[in-house]
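J.: Structure below; questions to follow.
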Amino acid sequence: MICQTLAEVDSEPIRNSCIECLKAHAKYYPDQVLESVVKKLVTENDEIKTETTADLLQYLGSLKRRFSAMCELACSAGEPFTSNIIPKVISVIVGSSSSQTPKKAVVGFSCLRKAIEISESNQEWLCEYLYNEEGAPAVFIKWWIIGAFAGNDSNQTTNEDIFEDPELLQEVAAIISLIVRTLNASIQGALVLEILPLFFHWNVLNENCLKDAGVLPDYKPLDESSPWQQTQTVILLEAVIGSLRRDEVVQEALSKTTVLELYEHLSALAIFNLHPPTRLSSARLLGCLINKTPQEVHLVKLLADLKAAINPVLDDSIIPLWQRLSAVKLHIWVTKALLLRGHDDADIWID
């Protein structure tokens, strides 16, 4: 009855009472509660009815109620709920590319993220569990990359709309950021070495990594000539790098990657890309890299390259206004990063 209420009722006070009741029962009857939750709330075999807008809204409402209850119980009640429920939730989420709507994945990511956020006492443990046992956030990034680039491979089939949905991309980025920033520095360092090569163009250094991820040799996620559906993956890269600690272990990991390869691509995306969210994310990411770049020699080269990219755009009145405005915004993010770093060149960029 409690699970049925959670699946059907929107009232927050009633839902909170039901969740607390389930938690209390779970302390003494974990197996019985788990069986009921899986039976009543798991959504793996849902049939999505989207004949009308009303049908879709009704389905998404039911989905949100069930996902929310499952995720909160999994994140706050501990074992055996965490290891039994979270894998099912992730399976439903990353299996949604075959469904009729990306909104199913949006709801799943959102509910999981919110449940982790409110579980403050064991948030770090949950994020380490997601990393160690479920392969997150790498599994989410690979899922997105494979979906976004499947159009290049006639042997792969996917619902392309799901990987063009801006709300879904932001939810994926949000949960990646939450997980990464909660992890300790040593795990973040390992994560950098695992994830960053996924965003570099195909080369001998990351060939095995990209093969394992299932992408093709023409993979160029951050190339200005690539479609916006692909270059917007920079938002996921920002979610990773922007959440890293300024720690020696993390900086050492960054120095072991070919992070310099990113700079040229990001400056072009930040100024000339037609997709506004991609431009903004690229500019912010460049600022973040300036703040966290471990070696001064790399930073000197980066700042010189950015000057060479920004100044001609600002000085040429023939260049479209939106590109000049983008160059101004990039200049602002660079200046802010230098100030945060306490760098001597900050005054030069301010002038």
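J.: Are any residues in the range 314-344 among the charged types (D, E, K, R) and at pLDDT 90 or above, and if so, which ones?
T.: If the condition is that a residue be among the charged types (D, E, K, R) and at pLDDT 90 or above, then ASP315, ASP316, ARG324, LYS329, LYS336 are the ones that fit.
J.: Now a separate question. Within the bounds of the range 313-333, is there any residue that is part of a helix (DSSP H, G or I), exposed (fewer than 12 other Cβ atoms within 10 Å of the Cβ) and either outside the structural domain of GLU171 (by TED's automatic domain parsing) or not small (Gly, Ala, Ser) (or both)? Outline the logic, then answer.
T.: Filtering the range 313-333 down to residues part of a helix (DSSP H, G or I) leaves 313-315, 321-333.
Then keep just the ones that are exposed (fewer than 12 other Cβ atoms within 10 Å of the Cβ); that gives 315, 321.
This time we only want the ones that are either outside the structural domain of GLU171 (by TED's automatic domain parsing) or not small (Gly, Ala, Ser) (or both), so: 315, 321.
Yes, the range 313-333 contains at least one residue that is part of a helix (DSSP H, G or I), exposed (fewer than 12 other Cβ atoms within 10 Å of the Cβ) and either outside the structural domain of GLU171 (by TED's automatic domain parsing) or not small (Gly, Ala, Ser) (or both).
J.: In the range 141-162, is there at least one residue being at positive phi and modelled with pLDDT of 85 or more? Write out each step before concluding.
T.: Step one: filter the range 141-162 for residues at positive phi, giving none.
No, the range 141-162 contains no residue that is at positive phi and modelled with pLDDT of 85 or more.
J.: Against the definition (modelled with pLDDT of 90 or more and outside the structural domain of LEU222 (by TED's automatic domain parsing)), how does ASP347 come out, yes or no?
T.: When the stated conditions are applied, ASP347 does not pass them.
J.: Still on this structure, I have one more. Of these, LEU274, LEU299, LEU289, which one is outside any helix (DSSP H, G or I) and modelled with pLDDT under 95?
T.: Every option except LEU274 fails the conditions.
J.: Give the residue, chosen from LEU325, LEU303, LEU340, LEU299, that is free of Cβ contacts under 8 Å to residues at least 24 places away in the same chain and over 18 Å from VAL234 (Cα atoms). Can you show your working first?
T.: Working: LEU303 fails: free of Cβ contacts under 8 Å to residues at least 24 places away in the same chain; LEU340 fails: free of Cβ contacts under 8 Å to residues at least 24 places away in the same chain; LEU299 fails: free of Cβ contacts under 8 Å to residues at least 24 places away in the same chain.
Criteria check complete, one pass: LEU325.
J.: Would you call LEU338 outside the structural domain of LEU193 (by TED's automatic domain parsing), closer than 26 Å to LEU168 by Cα and surrounded by 15 or more Cβ atoms within 10 Å (Cβ to Cβ)?
T.: no
J.: Take the conditions under 27 Å from the mean Cα position of the chain (by Cα) and more than 24 Å from SER177 (Cα to Cα) and apply them to LEU306. Does it pass? Give the derivation first.
T.: On the way: under 27 Å from the mean Cα position of the chain (by Cα): yes; more than 24 Å from SER177 (Cα to Cα): yes.
The answer is yes for LEU306.
J.: Can you pull out the helices (runs of 4 or more DSSP H) entirely within the range 178-233 that have at least 1 residues that are modelled with pLDDT of 85 or more and within 25 Å of GLU264 (Cβ to Cβ)?
T.: Passing ranges, in order: 185-195, 228-231.
J.: A further question follows. Please name all residue pairs, on different chains or six or more residues apart, with Cβ atoms under 6 Å, provided the first residue is in the range 228-257 and is farther than 15 Å from CYS288 by Cβ and the second residue is assigned to a helix (DSSP H, G or I) and of a type in the set (Asp, Glu).
T.: GLN229/GLU164
J.: Tell me the residue from VAL240, VAL249 that is aliphatic (A, V, I, L, M) and either outside the structural domain of LEU183 (by TED's automatic domain parsing) or farther than 18 Å from ALA136 by Cα (or both), please.
T.: It is VAL249.
J.: Is it true that some residue in the range 262-276 is surrounded by fewer than 16 Cβ atoms within 10 Å (Cβ to Cβ), over 24 Å from the mean Cα position of the chain (by Cα) and within 26 Å of ILE175 (Cα to Cα)?
T.: Within the range 262-276 (the criterion being surrounded by fewer than 16 Cβ atoms within 10 Å (Cβ to Cβ), over 24 Å from the mean Cα position of the chain (by Cα) and within 26 Å of ILE175 (Cα to Cα)), the answer is no, since none of the residues qualifies.
The values are calculated or read from the model by the stated rules, or taken from the named source; none is laboratory data. All values derive from a computational prediction rather than experimental measurement. Every residue, glycine among them, receives a Cβ derived from its backbone with ideal geometry; neighbour counts consider all protein chains shown.
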